[in-house]
Structures are given as C-alpha cells and as structure tokens.
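What follows is a single structure, written as structure tokens, with notes after it.
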Amino acid sequence: RKEVEQDPGPFNVPEGATVAFNCTYSNSASQSFFWYRQDCRKEPKLLMSVYSSGNEDGRFTAQLNRASQYISLLIRDSKLSDSATYLCVVTHFNQAGTALIFGKGTTLSVSS
Amino acid sequence: DTGVSQNPRHKITKRGQNVTFRCDPISEHNRLYWYRQTLGQGPEFLTYFQNEAQLEKSRLLSDRFSAERPKGSFSTLEIQRTEQGDSAMYLCASSSTEGPSAYNSPLHFGNGTRLTVT
C-alpha cells in the first residue's frame, strides 16, 4: 500500500460547482498534513495546512480524520482558475527526522 | 528574488554521462529536500538535509545518485552514468524548523531542473 493515496481523477466540473478530493495515508504516526496545488509545468505551492479541528480558507475547506487516516479538501463555487493538480502531503517521522510524502495528485478541470 | 533557486532549468544529456544540479534554498531555511517528479505523478521524495547533515535517503535513490550540502547552504545532486529512466523533473525545496510551527512548516519549491536523457 502506498503511503499516501488520492482519488485518481481527473475531475471535470462546471464553474460554480462544489468538488471534494479525498486522500488516505498509511502511517498512523504521521503528524502534519497539507494540500499543495501544482499548475501545469510549475512547481507545487502550499494551498493550506490541515489541522485536526478542520480549517477553512475562503472557498477551501480541509478536514482531517485521524481515526480513519483520511484527509479531504472541499472547494466551493469553483472558478476557472482553480484548474490544477491538488497534491495531498503527509509528514513522515522516523528516528532520522522528518520527510514530506506526496500523493500522486488529483487533477481538477473547471470549465465555463 | 529570495525564493528557492535551481539551475540549470533544463539539462539534456546522453546516456552514461554524469550530471550535477544545484539548489540554493531560501537563506534562513535549515532544511533542504530533493524530489523527483515524472509526468502524471506526484513528487517522489529522494533525500533531505537538516543543515549539512543528510538525514534520510529514499530507497529510490540508487548508488548512482549522491547529494551534498557541504556548508548547510546550497546543495548539489549528482547522477552518475545516467539512464533514460532518470529523465524527470528534479525539484528542490526548503523549509525552516525554527519557530512555533516547526512541524507544520511548508515547503517552498524551486522551479526545478528538467533532465532529459537521450
């Protein structure tokens, strides 16, 4: 089982739609979680951190369920500019320190 | 621009040649990461440094790959005897462990070096 797994996608939605992405992780000791956004041929950029209580940033809401080892990202009122690949990221701790493990990403295409 | 800088942006090389990439992190960041990304995949972790110490290496990193960060600032990633399967985007990122949110410190990525092995 991969450490971080995401919905395969692609998601094709019209403007204004609400879309949700899911992500599961295998290491129960993981402590920090993030969603990154990657535009075509660009580097990944942090979209938002994911906190245990859930958090919202404008149209974006992130949720964490530690018991199920599951993270979600909800995008409301989709815009054309939301078209990108969304990467789920989980921190992996071991005796050596910390590494951040990325999922494969889910591609979102918002059309007018 | 005080972001993460990588060079070269593109590298085309023939199979069997050695290549070296450089990454200059954000100056106050003590952690530096190398990732590899191929089309349709997320970034795959290769290795990371805290200051000059290389703390973890992925099993993906074969003996042909070596990374250094001699003074805890810039880093180099060398690939010896390149193979066509090494063709990918090589991404460098940095972060800081200082401050109250050390474990939630986000990665700041460079633009990457795109390697093509012919």
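None of the figures in this text is laboratory data; all of them are computed from the coordinates on show. Everything quoted here is computed from the prediction, not taken from an experiment. Positions of Cβ are generated from backbone atoms using ideal geometry, with glycine treated the same way; all protein chains shown enter the neighbour counts.
Treating cross-link reach as a plain straight distance, find the lysines whose alpha-carbon is under 24 Å from the alpha-carbon of B:Lys71, omitting any fewer than eight places away in the same chain.
Hits, sequence-local ones excluded: B:Lys57.
For chain B, what is the charge dipole size about the Cα centre, in debye to the nearest 20, if Lys and Arg each add +1 at the Cβ and Asp and Glu each add -1 at the Cβ?
Result for chain B is approximately 480 debye, rounded to the nearest 20.
Just the projected area, averaged over all directions, of the convex hull on the alpha carbon atoms of segment A:31-83: how many nm²?
Result: 4.2 nm².
Could you give the spread of the C-alpha atoms of the protein assembly as shown along their three principal axes, from largest to smallest, in whole angstroms?
Here the spans come out as 49, 39, 39 Å, largest first.
Do any of A:Lys45/A:Lys79; A:Lys2/B:Lys11; A:Lys42/A:Lys79; A:Lys45/A:Lys104; A:Lys2/A:Lys104 go past 21 Å between their Cα atoms, and which?
Going by Cα-Cα distance, A:Lys2/B:Lys11 fall outside the 21 Å limit.
In whole Å and largest first, what semi-axes does the C-alpha gyration tensor of segment B:3-118 yield when each eigenvalue is scaled by 5 and square-rooted?
The equivalent ellipsoid of segment B:3-118 has semi-axes of 24, 14, 13 Å.
Looking at chain A only, what percent of DSSP beta bridges run antiparallel? Nearest 5 please.
In chain A, approximately 90 percent of DSSP beta bridges are antiparallel ones.
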